[in-house]
Amino acid sequence: MSKGADNLEQKLAQFLKRYNLTYKKEVCIGKNKARYDFFIETEPPIALEFDGENHFKPNAHFFKTTEAFDNYKKNDNAKNELSRLGKVHLIRTTNKELTLKELEVLFEGYEELLEKGVANASKKTNSYEDRKEAYKEAARSYRHRKYLEFAEKKRAAAKDRKNSKRTDEN
């Protein structure tokens, strides 16, 4: 873990003490095994990510190949998707020197969830209907993304044909 994440860990432990909560480090969840820096077991869970420099540009220290960096970005996108679907509340920060006050600001709006804490986490409602709806939403999202990719390729091909016609006419 980076120095920035170490600082964040100290502040997080201090902050969560108010709610009698703890966190887990480097937890993997989801079918893609998205790894989170810090994971708080509320319902739904809250994950805190420290996005260091390696989240934005390839760094030889972290990545041996550009493919490794691309996979890392896919993992970040998977985390964002789980958050969008409401399976995990994802909080991201790039601040290496985060103060306790700044951490409180990041958690604004999550107070009720933190107060319910682990007691609420034991009452998971993972019914068939909930899973079915989550699956349908993920499938719709995937199909929509694939449709947009297809439409973009189709537009690019039409533009290429139009440009090649122009060059043939000249």
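For LYS74, are the conditions met, namely being within 8 Å of the chain's Cα centre (by Cα) and basic (Lys, Arg)? Let's see the steps before the verdict.
Numbers: within 8 Å of the chain's Cα centre (by Cα): no; basic (Lys, Arg): yes.
Against the criterion (within 8 Å of the chain's Cα centre (by Cα) and basic (Lys, Arg)), LYS74 does not qualify.
Out of (1) open to solvent by 70 Å² or more (accessible area, probe 1.4 Å); (2) within 26 Å of ALA47 (Cβ to Cβ); (3) modelled with pLDDT under 85, the odd one out for LYS101 is which?
Result: LYS101 passes all but (3).
The values are calculated or read from the model by the stated rules, or taken from the named source; none is laboratory data. Because the structure is a prediction, the values reported are computed rather than measured. Positions of Cβ are generated from backbone atoms using ideal geometry, with glycine treated the same way; all protein chains shown enter the neighbour counts. Please note that ligands, DNA and RNA were not included when accessible areas were found on the heavy atoms of the full protein model with its side chains. Shrake-Rupley method; radii C 1.70, N 1.55, O 1.52, S 1.80 Å.
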